[in-house]
Amino acid sequence: MIDRLEAWNLLCEKISNVALRRHMLATEVVLRALARRLGRDETLWGLTGLLHDIDLESVDQDMRRHAATACAWLSGLLPEPALQAILAHNAEMLGGQRVSELDHALAASESLTGLVVATVLILPDKKISARKASSVQKRMKEPRFAASVNRDIIRECEAIGIPLGSFVELGVAAMQQIGEDLGLCGGEGDAAKA
């Protein structure tokens, strides 16, 4: 299995968009926190989150090719459960379904990161440290806020035994730990250390 530094270098080779890199870092840190809570392989879950959108620039945002291309690139670098989860996070476009715990965890986590970031960016200081999980949960109920974030996918956390409130708390806390690397603390940070 690829190690974290090799994964980060591959991500930097394939992804130039800073916002997309940050999304992938956020997904990694949330999945690592979930893995710790559930007693799963933190490295495997983290790498799955870090690399899940590695093909988006290459497929020019074509969601009919997204994830399948990533899995082809990552074959031999990540184990089958990670590849399956990466494929399943785009199940709606590829005609698949999410089955495993990691499938649901990745889909829910990457969707949650979008809602958290949107919630932070409406703050005057745009600092994640000033945001509480309750504020993010409140925004879950506002369908026009961050309308592209699918709330039903976030709720897939319940398929792995994590209540929505607990999941949001876990996700916000995890993202706060790398707020600087996410550009949500006023500095750019060194994402390779995240």
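Numbers for the structure displayed
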| read-out | value |
| --- | --- |
| Test: residue in the range 92-107 that is touching a strand residue (DSSP E or B) at 6+ places or on another chain (Cβ under 8 Å) and at pLDDT 95 or above | no |
| Search result, residues across the range 162-174 that are in contact (Cβ under 8 Å) with a residue 60 or more places away in the chain, farther than 14 Å from A107 by Cα and small (G, A, S) | A173, A174 |
| Matching option when the condition is more than 27 Å from E13 (Cα to Cα) and among the small types (G, A, S), among G114, G96 | G96 |
| Any hit, the range 174-182, residues being assigned to a helix (DSSP H, G or I) and of a type in the set (A, V, I, L, M) | yes |
| For S148: the one exception among (1) closer than 23 Å to A35 by Cβ; (2) polar (S, T, N, Q); (3) under 16 Å from the mean Cα position of the chain (by Cα) | (1) |
| Residues of the range 64-90 satisfying the condition of being basic (K, R) and either crowded, with 16+ Cβ neighbours inside 10 Å or at positive phi (or both) | R65 |
| When residues of the range 104-140 are limited to those that are within 17 Å of L182 (Cα to Cα) and among the hydroxyl-bearing types (S, T, Y), the one surrounded by the fewest Cβ atoms within 10 Å (Cβ to Cβ) | S129 |
| Tally, over the range 56-79, of residues that are under 16 Å from E6 (Cβ atoms) and either touching a Gly at 6+ places or on another chain (Cβ under 6 Å) or in a helix (DSSP H, G or I) (or both) | 3 |
| Residue count, the range 91-103 (criterion: within 22 Å of R64 (Cβ to Cβ) and either surrounded by fewer than 22 Cβ atoms within 10 Å (Cβ to Cβ) or in contact with a Leu (Cβ under 8 Å, 6 or more places away or on another chain) (or both)) | 8 |
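The values are calculated or read from the model by the stated rules, or taken from the named source; none is laboratory data. What you are looking at is a predicted structure, and each value in this text was computed from that prediction instead of being measured. Note: ideal-geometry Cβ built from the backbone for every residue, glycine included; neighbour counts use all protein chains shown.
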